[in-house]
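Participant: Let me begin by handing over the structure; questions about it come next.
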Amino acid sequence: MVNKNISKVLIGSLQELPERLGKTFHVGNMELAVFKLSNGKVRAIENRCPHKGGVLSEGIVSGDSVFCPMHDWKICLEDGLVQAPDTGCVKTYPTVVEGEDVFLLIE
Amino acid sequence: MAKKKLILVGNGMAGVRTIEEILKLTKDQFEITIFGSEPHPNYNRILLSKVLQGDTEVADITLNDWSWYEDNDIQLYTDETVVKVDSDRKVVVTDAGRVEPYDEVIVATGSVPFILPIPGANKEGVTAFRDIKDTEIMLKASKKYKKAAVIGGGLLGLEAARGLLNLGMEVSVIHLAPYLMERQLDPMAGKMLQTELEKQGMTFLLEKQTQEIFGEERVEGLRFSDGTEIEADLVVMAVGIKPNISLAVESGLEVNRGIVVNDYMQTNIPHVYAVGECAEHNGIPYGLVAPLYEQGKVLAKTICGSKTEPYKGSVLYTQLKVSGVEVFSAGDFTEGDDKKAVKVFDEQDSYYKKLVLRGNQIVGAVLFGDSSDGNRLVSMIQKQADISDTMKVSLLQPTGQEAGASLVATMSDDEIICGCNGVSKGAIVSAIQTQGCSSVDEIKACTSASRSCGGCKPLVAEVLQLTLGSSFDSKQQKEAICGCTTLSRDEVVEEIKAKGLTHVKEVMFVLDWKTEEGCSKCRPALNYYLGMVNPTGYEDEKESRFVNERMHANIQKDGTYSVVPRMYGGVTNANDLRRIADVVDKYEIPLVKVTGGQRIDLFGVKKDDLPKVWEDLDMPSGFAYGKSLRTVKTCVGEQFCRFGTQDSMGLGIQLEKKYEGLQTPHKVKMAVSACPRSCAESGFKDIGYIGIDGGWELYIGGNGGTHVRGGDLLYKVKTEEEVIEITSAYLQYYRETANYLERTSAWVDRVGLDHIREVLDDKEKRKELNARMDKALSVIEDPWKAIIEDKKLKKELFETVVTS
Ligand code: SRM
Ligand SMILES: Cc1cc2nc3c(=O)[nH]c(=O)nc-3n(C[C@H](O)[C@H](O)[C@H](O)COP(=O)(O)OP(=O)(O)OC[C@H]3O[C@@H](n4cnc5c(N)ncnc54)[C@H](O)[C@@H]3O)c2cc1C
Ligand code: SF4
Ligand code: FES
C-alpha cells in the first residue's frame, strides 16, 4: 500500500526539546505529548492516559517509559502499551529527526 | 501421560487461590480452564470497601492479572456463566453454548447478596455491595445524588456507609437489631462503635424494619413497618449473603444452605468439588477469606492426590475496615454457661477489650479502640491456649507487647500467622532461613504473608525478630525504597553521605539500581535526599519531580492547574485581594475558593497562563503543591479576642515567613492558637502552637488527613525565641530521618516521642540541628519569581506548541 495520507509536520528543533520532560503539541485537533529521552530519541504519543485521561506530557520519564501524573500508570513510549499490572494502550506517532529538525508523521 | 482436564467454575478469590495452590504442587498434571461470570480477572473483593472509601482504585485491586493466566497456560473465559455440570457426560455447559469436558471440576461460585423481598427492591438506585459493578454504581450515584440509605448495620453495611460518607453523601444506616454488628460484637462494643460512627457523621435507625422502597423509576425513599419514612436516592442492601448454589442445584449436587462437602471438599458426586463461600462444611458456610484459603489448600492436595490433613473447620475472626475505628472480634465471644468474660472498659478513651474464657482456655475476644492484639489472640484461640492469671492481666493491657513476644515464641511451626493467606509460622521461618528473607516486605514476596489485609505485619515482624535474634531490629526494619533497589532509605542516605554522591543518576549507577533511570517512586525520593544532605550544593532536578512540584502548581483532573498565593497566617489586605480579583477577571479563572488552610485558591488556570498569572499576582508561591511548609493557620488572638493570651497571628506570620519553601519529606502544616480553645485547630497539625498564660505549648505529630492523629505535647516554653529554636530543631530532625513521603504523624509513631524529646533535650544537638536548618533555609528562593525571570525554563515547562 502507498502511504498516501501521511503528512510530515515540523514540530521544532531537537535542541529546543527538553530532555526527559514532555512537551505538549496541538496538531490539527489532536493533542500530543512529545518526549526527548536520555538516549536522544524523540517519541510522540497521544496526550491522554487511557485510565482517566491524565495528561501524559507532565509525567516522570524513565528510560523509554512515562509515569502518568494522575495515578501513576506506567506507559511505554515505544509501543504505547500500559505496563502490568494495569492494561490498555495509547496511540503512538512515528517521529523523524533530520539534522536538527524534528518531524511528526501523522496519518 | 496426557494431562487431565481441570475446570474451575467461578473466577473468584477461593477458586483461583485453589488453582494457585495446585500450581505450586504440580505444573503439568492438569490442563486448566476457568469460567467466570464477571468480566474481570480475579480481584481482591475485600478491597472493594477501600475502593469505595477512596483509599485505592478498582484498577489497583487485581490479584491475578491477565498475564498470570497466560503465563500459567490457563484458558480463561470471563463474562461466561456455567449453567450446568453434567456429571454423566463429564462436561460443563455454559450460557454461551460452550460444552467443555472435564476430568475434575471445582465449583467456586461464591455467594449472592441477599435482597429483601419487599416492594420496590428492583427500582433504579437500589444496589447490593458485592462486586465491581455494584461499587461502580455507588461511585456514580454519589456524583449525582445526596442521600444514601444503607440497609444492614453489619460489617458490609458499615463499610459501604463509610465509603458513601467519604464520597460526600449523607448516610443513614438502617438496622434491625438493637445494636450494630450484632453477629460479631457484643452490645457494649456495638454501642461504642455506633457512638464513634455517629461522630464521623453517620445516622442510625436501629430496630427498624424496612417495608417498602418507594419512588417513581428511581428510588425516592424508604418506608418502615412502624409507618415512618426517610428520603433516599441511593439504597444499598447489605443484609447478608447466601451461598450461590443455583448451579449446584441444577447439577444435582447435594445442597443444604451451601453445597455439602466433606473434610476433603468433595461433594456427593465423584470428581466434583466445591470450595469457598458456596460450600458448606460441617453445617457451616464460611463468609471470610481465611477459612476459604484453608479449604483451598486441602482441596488442592486432594485433587493432586497428595497426602493432606482433613479440613476441620476454622476459627472465625473479623476486623472492620473503616478508617478511624478499630473493631475486632474472634471466636466465640458470648459469655454465659461455662464461659466467663474478663473485660476492660475505658469510657474516657473509648477503649474496650474482652476475653472470653472457658476454664483457663481462651475461646473468644472482642476488641474496640485498639485491635493490634487481634492476630495474637486469634492464634491463641486456635491453639485453645491455656492462660495463666499473670498473662490474663498483661493481655488486657492496652499494649500487650511483652505477653505478645513470648506468644509467637510459643507458637508451633504449623500455626498460621497470616490468616488471609494461610501462611504458617514454619513457612515464614523457612523463608528466612533458606531464602534469606530479612524484612516483612521480602517475606510478603516469598510467602504471600501480609499480602491481603496486612493485619499480620506485626506478627511477621516478631517471627523475624525471633528467628534472626539481635541482628533484627523491628524499628529499623529494612524496607527497600522501591522495586528498583534492595537498599533502604537509611542505607541510601548513608551511601550518599559516605561516597559524596551528587546527582540522581549517579546514585542509581553507583548503588547498582536494577533499572537504568529509576521509577516514579525512587526518583523524587533520591532528589529529596540529595538536597537534604547537601542543601547549598545540590541542584534540584526538575525531571525527578512530581508534576506539581515541577510546575509549582497543582495539576487538576482536566490538565489545568490551581494557584495558591501566600497569605501569611491567613491575614490579607485590600491590595492583595484586589490584585487577586483582577487576575481572576483577566485570565477568566473559573473558580475562586477559600481553602481549608485559610487562603485563596484559583482553580482551572491554563498551563500556558501560569507564569503570567504569577507575574500579575506579584505574590510569593503558597507552596500548596509542595512537600514543604504549606500554611500556618492562626486564630485572631490577643489583639481582638477576649480569651487570647498570646499574639497568635504574629507568631504564625513569623513562622510562615521563616520556613516557607523549605523542602521536607512530606508536607508540613502548622497552626497557632492564642488559647487552649484552639480555634486554629493546633491539635491536628504537624506542629501546633497553643498560647497559655505566659508561654506556648508545642504539639507535634498531629494529622487531620487520612489517619487522624491528635498531636502530642512536646514542650511548654516561655518565649517566641524558644518556640522558633525548638521548631527548627524538630523540623530539621524530621527532614534528616524521615522516609520520603512520611508525614510527621507516622514518623513520630515510628521513632517515638521519647526519642525525639531525648534528641531535642540535648542542648548541643539542638544547636547543631538549628545550624543545619539555617543553612537549608539560606538558599531558598521564590520559585514563581525564578520561573518568571527564566525564559528558557518558562518555554520548556509551560509552552504548548500549536501547529496546524
Ligand atoms: C485546596 C485544599 C482543599 C480546599 O479546597 O480547601 C486541598 C486540596 C488538595 N489536597 Fe488537601 N487540601 C486542603 C487542605 C487539607 C487539609 C486541611 C488543613 O490543612 O487544615 C487536610 C487535612 C490536614 C492534614 O493534612 O493533616 C488535607 C489533607 C490532604 C491529604 C491527606 C494527607 C495525609 O497525611 O493523610 C492529601 C493527600 C496527600 O497529601 O498525599 C491531600 C491532597 C490534596 C491535593 C493536593 C490532591 C492532589 O494531589 O491533587 C488537593 C489539590 C486540589 C487541587 O486540585 O488543587 N490533602 N488537605 C486545601 C488546601 C489548603 C491550603 O491552603 O494549602
Ligand atoms: C465489600 C466486601 C468486603 C469484604 N471484606 C472482607 C474482609 O475484610 N475479610 C474477609 O475475610 N472477607 C471479606 N469479604 C468476603 C470475601 O470477599 C469473600 O469471602 C470471598 O471473596 C469469597 O470467595 P469465593 O471465591 O468463595 O467467592 P467470590 O470471590 O464471590 O467468587 C465467585 C465468583 O464466581 C462467579 N460465578 C458465580 N457463579 C458462576 C457460574 N455459574 N459460572 C461462572 N462464574 C460464576 C461469580 O461471579 C464470582 O466472580 C468481603 C466481601 C465484600 C463484598
Ligand atoms: S481536595 Fe482534598 S478532600 Fe477534596 S477531593 Fe481533593 S484530595 Fe480529596
Ligand atoms: S489517568 Fe493516568 S493513571 Fe489514572
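Participant: Could you work out the mean count of beta carbons from other protein chains within 10 Å of each residue's beta carbon in A:13-21? Working shown, then result.
Facilitator: Details: counts 0, 0, 0, 5, 1, 7, 2, 6, 5.
Averaged over the peptide's residues, the number is 3.
Participant: In addition: To the nearest 100 Å², how much accessible surface do chains B and A cover up together, summed over both, with a 1.4 Å probe? Kindly include the intermediate steps, with their values, before the conclusion.
Facilitator: On the way: alone 36730 and 6360 Å², together 40290 Å².
Roughly 2800 Å² of accessible surface disappears when B and A pair.
Participant: Sorting B:Asp761, B:Asp337 by accessible area (1.4 Å probe), largest first, what list results? Intermediate values should be presented prior to the final figure.
Facilitator: Details: B:Asp761 85, B:Asp337 150 Å².
Listed by decreasing accessible area, they come as B:Asp337, B:Asp761.
Participant: On to the next question. How much of the accessible area of the protein assembly as shown, in percent, comes from carbon and sulfur atoms when a 1.4 Å probe is used? Please report the intermediate quantities before stating the final value.
Facilitator: Working: 19720 of 40290 Å².
Within the protein assembly as shown, the accessible surface is 49 percent carbon and sulfur.
Participant: Counting heavy atoms of the protein chains only and a 1.4 Å probe, report the per residue accessible area for chain B as a whole number of Å². Walk me through the numbers on the way to the answer.
Facilitator: On the way: 35340 Å² over 804 residues.
In whole numbers, chain B has 44 Å² accessible per residue.
Participant: On the full set of protein chains, 1.4 Å probe, figure out the accessible area of B:Arg223 and give it in Å² to the nearest 10.
Facilitator: 70 Å²
Participant: Something else about it: What span do the alpha-carbon atoms of the range B:174-258 cover on each of the three principal axes, reported in whole Å from largest to smallest?
Facilitator: The Cα atoms of the range B:174-258 stretch 49, 40, 23 Å along their principal axes.
Participant: For B:Ser424, what residues show an amide H to amide H distance below 5 Å, using hydrogens built from the backbone and excluding near sequence neighbours?
Facilitator: Under 5 Å from the amide H of B:Ser424: B:Ile417.
Participant: Continuing with this model, one more query. What percent antiparallel are the DSSP beta bridges of chain B, to the nearest 5? Working shown, then result.
Facilitator: Numbers: 73 of 116 bridges.
Rounded to the nearest five, the antiparallel share is 65 percent.
Participant: Using the scaling law 2.2 N^0.38 Å as the reference, what is the normalised Cα Rg of the range B:604-667? Intermediate results must be reported in sequence, preceding the final value.
Facilitator: Numbers: Rg = 15.5 Å, N = 64, 2.2 N^0.38 = 10.7 Å.
Ratio of Rg to 2.2 N^0.38 Å for the range B:604-667: 1.45.
Participant: Now for a separate question. Can you report the principal axis dimensions of the range B:213-331 using only the alpha carbons, biggest first, rounded to whole angstrom?
Facilitator: 58, 40, 22
Participant: Would you mind checking which residues have amide H under 5 Å from B:Leu63's amide H? H placed 1.01 Å from N; only 5 or more apart, or other chain.
Facilitator: It is B:Tyr43, B:Asn44, by chain and number.
Participant: Work out which residues of the range A:69-92 lose at minimum 10 square angstrom of accessible surface when the other protein chains are put back, relative to the chain isolated, with a 1.4 angstrom probe, and list them by number.
Facilitator: A:Pro69, A:Met70, A:His71, A:Asp72, A:Trp73, A:Ala84, A:Pro85, A:Asp86, A:Thr87
Participant: Only counting protein heavy atoms at a 1.4 Å probe, give the residues of the range B:548-575, ordered by number, whose accessible area falls by 30 Å² or more when the other protein chains are present relative to the chain alone.
Facilitator: Checking the loss per residue gives B:Arg550, B:Ile555, B:Lys557.
Participant: Using the Cα atoms of the range B:750-804 to build a convex hull, what is its mean projected area in square nanometres? Can you show the working numbers first?
Facilitator: On the way: hull surface 29.3 nm².
Hull-based average projected area comes out at 7.3 nm².
Participant: Once phi is turned into θ = phi - 60°, what whole-Hz ³J(HN,Hα) does the Karplus curve with 6.51, -1.76 and 1.60 give for every residue of the range B:543-550, x standing for Gly and Pro?
Facilitator: 5, 9, 9, 5, 2, 4, 7, 7
Participant: Looking at the range B:669-767, what % of its DSSP beta bridges pair antiparallel, to the nearest 5?
Facilitator: Values: 12 of 16 bridges.
Around 75 percent of the beta bridges assigned by DSSP in the range B:669-767 are antiparallel ones.
Participant: Would you mind checking the pairs B:Lys343/B:Lys425; A:Lys91/B:Lys557; B:Lys4/B:Lys307; B:Lys633/B:Lys763; B:Lys657/B:Lys716; A:Lys23/B:Lys133 and listing those with alpha carbons more than 31 angstrom apart? The partial results should precede the final answer.
Facilitator: Working: B:Lys343/B:Lys425 29 Å; A:Lys91/B:Lys557 20 Å; B:Lys4/B:Lys307 19 Å; B:Lys633/B:Lys763 29 Å; B:Lys657/B:Lys716 23 Å; A:Lys23/B:Lys133 37 Å.
Where the Cα-Cα span goes over 31 Å, the pairs concerned are A:Lys23/B:Lys133.
Participant: Show the residues, 5+ positions off or on another chain, whose built amide H is closer than 5 Å to the amide H of B:Ile362.
Facilitator: Counting only residues 5 or more places away or on other chains, the set is B:Ala385, B:Ile387.
Participant: Per 5 Å bin from zero, what fraction in whole % of the C-alpha pairs of the range B:529-596 is there, up to the bin with the longest pair?
Facilitator: 3, 12, 17, 18, 16, 13, 11, 9, 1
Participant: Over the Cα atoms of the range B:1-128, how large are the radius of gyration and the largest Cα-Cα distance (Dmax), in Å?
Facilitator: Rg, Dmax (Cα atoms, Å): 16.8, 58.
Participant: Now for a different question. Would you compute, for the Cα atoms of the protein assembly as shown, the largest minus smallest coordinate along each principal axis and list the three values in descending order, in whole Å?
Facilitator: 84, 81, 65
Participant: Rounded to the nearest 10 Å², what accessible area does B:Leu48 have for a 1.4 Å probe in the complete protein model?
Facilitator: 0 Å²
Participant: So what's Rg/Rh here for the range B:519-563, counting alpha carbon atoms and using the Kirkwood radius for Rh?
Facilitator: On the way: Rg = 12.2 Å, Rh = 11.5 Å.
That ratio equals 1.06.
Participant: Right, something else. Checking buried surface per residue: for the range B:770-802, which residues lose a minimum of 50 Å² accessible area in the protein assembly relative to the chain alone (1.4 Å probe)?
Facilitator: Buried by 50 Å² or more upon assembly, which counts only protein chains, are B:Glu796, B:Val801.
Participant: Starting from the alpha-carbon convex hull of the range B:216-275, give the projected area averaged over all orientations, in nm².
Facilitator: Averaged projected hull area, Cα only: 7.1 nm².
Participant: What base-10 log of the normalised intensity I(q)/I(0) is obtained for the range B:264-404 from the Debye formula, alpha carbons as equal point scatterers, at q = 0.14, 0.18 Å⁻¹?
Facilitator: -0.74, -1.01
Participant: Return the sequence-ordered ³J(HN,Hα) values of the range B:279-289 in whole Hz as given by the Karplus equation 6.51 cos²θ - 1.76 cosθ + 1.60 applied to θ = phi - 60°, using x for Gly and Pro.
Facilitator: 8, 10, 10, 6, x, 10, x, 8, x, 9, 5
Participant: When the convex hull of the C-alpha atoms of the range B:74-167 is computed, what volume per residue in Å³ does it have? Provide the component values of the computation, followed by the final result.
Facilitator: Numbers: hull volume 16.0 nm³, N = 94.
Hull volume over Cα atoms, normalised by residue count, gives 170 Å³.
Participant: Can you sort B:Ile481, A:Ile60 by solvent-accessible area, 1.4 Å probe, largest first? Don't skip to the end; give the middle numbers.
Facilitator: Numbers: B:Ile481 40, A:Ile60 10 Å².
Order by accessible area, largest first: B:Ile481, A:Ile60.
Participant: Taking a quarter of the surface of the convex hull around the Cα atoms of chain B, what do you get in nm²?
Facilitator: Values: hull surface 166.1 nm².
That works out to 41.5 nm².
Participant: Per residue of the range B:617-628, what does 6.51 cos²θ - 1.76 cosθ + 1.60 with θ = phi - 60° give for ³J(HN,Hα)? Whole Hz please, x for Gly and Pro, Karplus curve as stated.
Facilitator: These are the phi-based 3J(HN,Hα) values: 5, 6, 10, x, 5, x, 6, 5, 10, x, 7, 5 Hz.
The values are calculated or read from the model by the stated rules, or taken from the named source; none is laboratory data. Quick caveat, the model's predicted, so the values are computed rather than measured. So basically every Cβ, Gly included, is an ideal-geometry build from the backbone, and we count neighbours across all protein chains shown. The accessibility values were calculated without ligands, DNA or RNA, using every heavy atom of the protein model including side chains. Shrake-Rupley method; radii C 1.70, N 1.55, O 1.52, S 1.80 Å.
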